[in-house]
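Here's the structure, in structure tokens; my notes come after.
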Amino acid sequence: MVGGKDLEPIGRRCFVLSDPKVLLLSSDESETHEWEEMFREHATLRIARNLDELQSNLEGDVYDVLFCGWSFHMGTWHDALGQVRLRCPDLPVVIFSRTGGEQEWVKVLAAGAFDLLIPPYQKQTMIPILEQAVASCEARRIHGAASRRRANPKCLALKQCSIET
């Protein structure tokens, strides 16, 4: 068990959470449906359609990864990434875009996103990306908890999506 969640063996190489919580930020109905179908058997998916819904979801629950559209109703990936960095700095953000190339990929990674995905979105390539993002999130949370305990030995509790003041 890690972070109160069951682990499931994947071959001989690693473990991932058996039911990762994915937050999807997209206002495009067909795109949203495509992601729902892809993750149906592999994750618990919550959908946000704009920045207000993103903020509400981040304040109300803990997620393992955010998949975010390049643009959505009244916002862009960059706006969303800023909100995530303020509220949940350990949360990996995977950006997806219908178009994009090397320049966009570099821009997204330089801004602190986990990855940039372009079509075709296929289950056999998306699931490993989901697994890597979740593993990265868990590693960051564990490292963050250890760092906070070293800084303040009396602090034993870990609130996963909080800003340290």
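The values are calculated or read from the model by the stated rules, or taken from the named source; none is laboratory data. Not measured: the values here are computed from a predicted model. Ideal geometry is used to build each Cβ from the backbone, glycine not excepted, and the neighbour counts take in all protein chains shown.
On the basis of being modelled with pLDDT of 95 or more and among the aliphatic types (A, V, I, L, M), does ALA80 make the cut? Steps first, answer last, please.
Values: modelled with pLDDT of 95 or more: yes; among the aliphatic types (A, V, I, L, M): yes.
Taking the combined requirement at face value, the residue satisfies it.
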The condition from (1) of a type outside the set (S, T, N, Q); (2) within 18 Å of HIS42 (Cα to Cα); (3) surrounded by 14 or more Cβ atoms within 10 Å (Cβ to Cβ) that VAL84 misses is numbered (2)
Per the list (1) closer than 23 Å to PRO119 by Cβ; (2) surrounded by 19 or more Cβ atoms within 10 Å (Cβ to Cβ), residue check on ASP64 breaks on (1)
Screening GLU102, GLU31 for residues that are among the acidic types (Asp, Glu) and modelled with pLDDT under 90 leaves only GLU102
